[in-house]
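A.B. asks: Got a structure for you, questions after.
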Amino acid sequence: MSSVMKSYPGVLVLVSLIVALSAVCGQSPPSVQKAERPTPPTRDPRSPGYVAAKELPDGANPPADADGNFIIGPTHDIALGMSAASGIPKGAVIEFTMNSSDSKIYPGIARDAGTFGTVDPADPAKLVVTTSRAAPYARKVSVYVPKQYVPGSVAPFIVGADGPDPLLFATLDTLIAQHDVPVMIAISIGNGGGDAQGSERGLEYDTMSGAYAEFVENEVLPRAETQAHVKLTKDPDGRATMGGSSGGSCALIMAWYHPELYHRVLTYSGTFINQQWPYSAQTPHGAWEFHEHLIAKSAAKPIRIWMEVGDRDLLNPNVMRDDMHDWVLANERMASALAAKGYHYQFVFARNAGHVDRAVRQQTLPEALQYVWHGYPPRKLD
């Protein structure tokens with residue numbers, strides 16, 4: 001039995017049922033034709049139920065040290081920090097490959113091409129996926145090492161999903177040179193393939209558990225240190241996570257389930273919706289549980305978070321109609337829950353912006369990184 005089956009027994013049960021039913025009925029597992037994704041409606045940040053937010057002049061970003069809710073756009077110009085200016089030292093990027101056969105945590109799954117899943121007739125919030133199977137993968141990992149890094153020193157770092165991320169590397173070149181963020185390493189990790197329920201990427205990013213943080217800690221970071229000849233801090237205040245879409249929800253999941261490892265989180269269009277698979281009775285609504293139950297019912301964790309959502313962000317992009325697939329509403333609810341619990345957070349609602357909008361990233365990433373790293377290293381008392 002593969003370790004993914006041991007780690008996720010629901011997968012084994014589903015696979016067994018698929019085999020049994022196929023043998024009895026003589027049928028192949030059903031597939032769902034891909035429907036063209038409808039264009040999301042444009043949402044108004046002043047809608048009833050949304051958080052009260054300060055609207056900034058077009059083209060402006062919030063202050064890098066300000067908590068709260070802000071509205072930006074509709075114009076999104078490239079920030080100066082997005083491209084390294086002439087004469088600014090450029091960091092090195094070291095790449096290596098990780099194969100599924102070497103992982104004890106993620107030996108690999110995939111959903112058959114052209115298939116998705118069907119809604120459980122007894123529960124519209126539950127998706128039944130019968131076409132997911134064991135499958136190998138290879139992922140690229142890119143390690144950014146700034147020119148200012150002193151060999152042998154212990155450095156803070158940021159872990160990013162869906163790598164490589166050249167926008168992040170270029171931004172760090174400029175921000176580090178200007179002393180706007182600490183001299184840090186960036187580990188940009190490729191996903192294991194696919195998307196959403198039944199895929200390797202979905203399993204890694206949408207599962208509400210500490211598994212992905214443990215994978216990074218035990219399997220990725222040691223390789224990164226060896227391959228890039230760097231030393232990474234063990235101090236959670238010197239460790240950050242970031243990502244977009246499911247990579248964004250994953251960034252918070254890493255810090256939520258392992259706050260002893262990460263204190264700083266940066267998300268674009270975070271998938272704080274009901275997309276977890278396999279089903280879990282502990283978190284039946286997946287990442288929707290963050291703003292539905294978890295944040296309010298848990299003691300505040302030492303997490304500082306920057307979040308963004310676009311006015312044309314996703315709304316019901318698949319077959320589920322469970323009222324838990326609105327990315328804008330999910331992020332609005334996240335901001336409300338975080339504020340009620342007293343978290344340090346900054347929430348940016350971007351006008352004229354889609355899902356993980358590239359123009360918005362180019363405008364906001366320098367400020368977002370400065371907000372996330374605000375207060376590090378802590379000031380020493382005289």
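The values are calculated or read from the model by the stated rules, or taken from the named source; none is laboratory data. The structure presented is a predicted model; accordingly, all values stated were derived computationally and were not measured. Note: ideal-geometry Cβ built from the backbone for every residue, glycine included; neighbour counts use all protein chains shown. In case anyone asks, the SASA skips ligands and DNA or RNA and just uses the protein heavy atoms, side chains included. Shrake-Rupley method; radii C 1.70, N 1.55, O 1.52, S 1.80 Å.
Yes or no, residue by residue, for (1) outside any strand (DSSP E or B); (2) touching a Gly at 6+ places or on another chain (Cβ under 8 Å); (3) closer than 20 Å to Arg321 by Cα; (4) open to solvent by less than 20 Å² (accessible area, probe 1.4 Å):
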| position | (1), (2), (3), (4) |
| --- | --- |
| Thr97 | no, no, no, no |
| Tyr106 | yes, yes, no, yes |
| Val119 | no, no, yes, no |
| Pro124 | no, no, yes, no |
| Thr130 | yes, yes, yes, no |
| Arg133 | no, no, no, no |
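A.B. asks: Here's a follow-up. Tally the residues that are within 16 Å of the chain's Cα centre (by Cα) and open to solvent by 10 Å² or more (accessible area, probe 1.4 Å), restricting the search to the stretch 140-166.
C.D. replies: So the count comes out to 5.
A.B. asks: Quick one: Glu260 ticks every box in (1) without any contact (Cβ under 8 Å) to a residue 40 or more places away in the chain; (2) in contact with a strand residue (DSSP E or B) (Cβ under 7 Å, 6 or more places away or on another chain) except a single one, so which number is it?
C.D. replies: Only one criterion in (1) without any contact (Cβ under 8 Å) to a residue 40 or more places away in the chain; (2) in contact with a strand residue (DSSP E or B) (Cβ under 7 Å, 6 or more places away or on another chain) is unmet by Glu260, namely (2).
A.B. asks: A further question on this structure: Looking for something at pLDDT 90 or above and either of a type in the set (A, V, I, L, M, F, W, C) or farther than 30 Å from Pro222 by Cβ (or both) - is there at least one such residue anywhere in the stretch 77-87?
C.D. replies: Yes; the residues of the stretch 77-87 include at least one that is at pLDDT 90 or above and either of a type in the set (A, V, I, L, M, F, W, C) or farther than 30 Å from Pro222 by Cβ (or both).
A.B. asks: In the stretch 320-373, how many are open to solvent by 40 Å² or more (accessible area, probe 1.4 Å), farther than 20 Å from His263 by Cα and not in a loop (DSSP other than H, G, I, E, B)?
C.D. replies: Residues meeting the conditions: 3.
A.B. asks: Please specify each residue of the stretch 135-155 satisfying the condition of being of a type outside the set (Lys, Arg) and outside any loop (DSSP other than H, G, I, E, B).
C.D. replies: Answer for the stretch 135-155, where residues must be of a type outside the set (Lys, Arg) and outside any loop (DSSP other than H, G, I, E, B): Ala138, Val141, Ser142, Val143, Tyr144, Val145, Val154, Ala155.
A.B. asks: Can you say whether Asp311 is surrounded by 21 or more Cβ atoms within 10 Å (Cβ to Cβ), modelled with pLDDT of 95 or more and charged (D, E, K, R), as far as the supplied structure shows? Full working, then the answer.
C.D. replies: Details: surrounded by 21 or more Cβ atoms within 10 Å (Cβ to Cβ): yes; modelled with pLDDT of 95 or more: yes; charged (D, E, K, R): yes.
Yes; evaluated as a whole, the condition is true for this residue.
A.B. asks: What are the pairs with Cβ atoms under 6 angstrom where one residue, in the stretch 316-335, is touching a residue at least 12 places away in the same chain (Cβ under 8 Å) and the other, located anywhere, is charged (D, E, K, R) and in a loop (DSSP other than H, G, I, E, B)? Sequence gap at least six, or different chains.
C.D. replies: Close Cβ pairs satisfying both conditions: Pro317/Arg37; Trp327/Asp313; Val328/Arg43; Val328/Asp313.
A.B. asks: Within the set of pairs 6 or more residues apart or between chains, which connect a residue that is open to solvent by 20 Å² or more (accessible area, probe 1.4 Å) inside the stretch 61-78 to a residue that is outside any strand (DSSP E or B) and among the charged types (D, E, K, R) with Cβ atoms less than 7 Å apart?
C.D. replies: Taking only residues 6 or more apart or on different chains, the pairs are Asn61/Glu367; Ala64/Glu367; Pro74/Asp58; Pro74/Arg351; Thr75/Asp58.
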